[in-house]
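Chemist: Quick one: the structure is below, questions incoming.
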Amino acid sequence: MGDARLGNRIRSFRKLKGYTQQSLAEKMGVSLSLVGSLERGTRKPTEPILRKIAITLQVDYDELCAINKLDNNAFNRRMQIE
């Protein structure tokens, strides 16, 4: 089982870039169903997939994954500004 919070973060960053699930999947070279599953939190991403998402969405890996409380705070501020 995946992580719904991480899925919500992926979705939020994707939308900030103006990407659809389909366009993100195409840019990453993965299936649409993988992107949807990750965003719903029904599938746990591997580290290489998370790094590919971060690169594709041009976000810091640690911020995407909310490695620590500071990263989570930065994410929350970013979502309020943008």
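Just so it is clear, none of the values below were taken in a lab; they were calculated from the coordinates. Please read these numbers as outputs of a predicted model, since none were measured by experiment. Cβ: placed from backbone, ideal geometry, glycine included. Neighbour counts: every protein chain shown.
Chemist: As an exercise, use a Förster radius of 22 Å and the Cβ-Cβ distance of E26 and D3 to find the FRET efficiency, rounded to the nearest 0.05.
Modeler: Efficiency, from the Cβ-Cβ distance: 0.40.
Chemist: Another question, if that's okay. Going 7 Å from the Cα of T42 along its beta-carbon direction, which residues of region 18-32 have the amide nitrogen within less than 14 Å of the resulting point?
Modeler: Once the point is set 7 Å along Cα→Cβ of T42, 32 turn out to lie under 14 Å by backbone N, inside region 18-32.
Chemist: What list do you get for E47, E26, E63 if you sort them by fewest beta carbons within 10 Å?
Modeler: Values: E47 9, E26 15, E63 18.
In order of increasing Cβ crowding within 10 Å: E47, E26, E63.
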